[in-house]
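The values are calculated or read from the model by the stated rules, or taken from the named source; none is laboratory data. The model shown is predicted, which means the values in this text are computed figures rather than measured ones. All Cβ positions, even for glycine, are placed from backbone atoms using ideal geometry, and neighbour counts span all protein chains on display. All accessible areas refer to the heavy atoms of the entire protein, side chains included, with ligands and DNA or RNA removed. Shrake-Rupley method; radii C 1.70, N 1.55, O 1.52, S 1.80 Å.
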Amino acid sequence: VDPTRRDGGMMPDRESTVLLAGIGRGPFIAVAPVLERRMVAITRASTLEEAAALAATTLFDLVIFDAEPHEQSLAENVLDLRRPGSASRTSSVMVVASPDDVPAARELVGCGVNRVVSVETPERLIEEHVADLLEVAPRAAVRFAARLSTVLDNGEIEAIGQTVNVSLTGMLIQTTTSLVPGQEVVFEIKTGHGDAGVLGRARVVRHAVAERGGVDGIGVRVLEFFGEGRANLEKILAEYLLEV
């Protein structure tokens, strides 16, 4: 058996599972070629409600919602997916929407939804999102105040923002400050859990823009934690029933 993927990377220990939730023809056409190339196991549910019920008892690595309204709103179905006891509560969630529905769907980024893409998004960008959501460490879609600082030749730059999602290996931070990929930063997350802040060092790995991920900001990869930072973050993630 060849242990490599078509893209040259190593195959994961198990086949990734994706649930297509109420995906209509337009969204299906947008994501189908990407999922075929990723060679994932796909389950389709005809309605968002059917998908939410299935996800409650079966763990999926990625759930892709159609933004079109059904008996319940998209927000209500995402809430059902994230309820305590749901088998897929920790799953990554992506929404595929028509251009008119994108703004409303983006309101859910950081509130149960990880990514929003338009049916008109280029296929290569959709594939980037799918790959990222399938291969990152389990994350919590939570909003905490965050501060990043780095020292350049012309002085210190400080970025103030808000986390969109957080894991032990990285985070997406919504901010208007632009930092260059490759720059190392010192980060601080204010969790609101007493004095259990999270401090560490990270590297900027990408820019996030609303058109591609639902928010404007930066993605960073954690290099190390300071003090009790890792232990504090593990406790926070555990509250969201995430495996750490």
Checklist outcome for this item: Counting all Cα-Cα pairs in segment 28-169, those more than 23 Å apart amount in percent to 38
Checklist entry - Between PHE226 and residues 5 or more places away or on another chain, which pairs have amide H atoms under 5 Å apart, with H built 1.01 Å from N, and which residues are they? => result LEU199, GLY200, ARG201
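Please find the FRET efficiency linking ARG44 to LEU168, where r is the Cβ-Cβ separation and R0 is fixed at 35 Å, and quote it to the nearest 0.05. Present the calculation step by step, with values, prior to reporting the outcome.
Working: r = 32 Å, r/R0 = 0.91.
Efficiency for this residue pair is about 0.65.
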Checklist entry - Which ³J(HN,Hα) values, rounded to whole Hz and listed in residue order, are derived for segment 111-124 from phi using the Karplus coefficients 6.51, -1.76 and 1.60 in 6.51 cos²θ - 1.76 cosθ + 1.60 with θ = phi - 60°, glycine and proline given as x? => result 10, x, 10, 8, 9, 10, 10, 8, 4, 9, 5, x, 4, 5
Next on the checklist: To check you understand DSSP bridge types, tell me what percent of the beta bridges within segment 13-154 (both residues inside) are antiparallel, rounded to 5.
Outcome noted: 0
Item to check | Karplus (6.51, -1.76, 1.60) ³J(HN,Hα), θ = phi - 60°, over segment 142-149, in Hz, Gly and Pro reported as x | outcome: 9, 10, 10, 5, 9, 10, 10, 9
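Just to make sure I understand: if all protein chains stay in place, what is the order of ILE173, ILE160 by accessible area at 1.4 Å, largest first?
Details: ILE173 5, ILE160 100 Å².
Ranked list, largest accessible area first: ILE160, ILE173.
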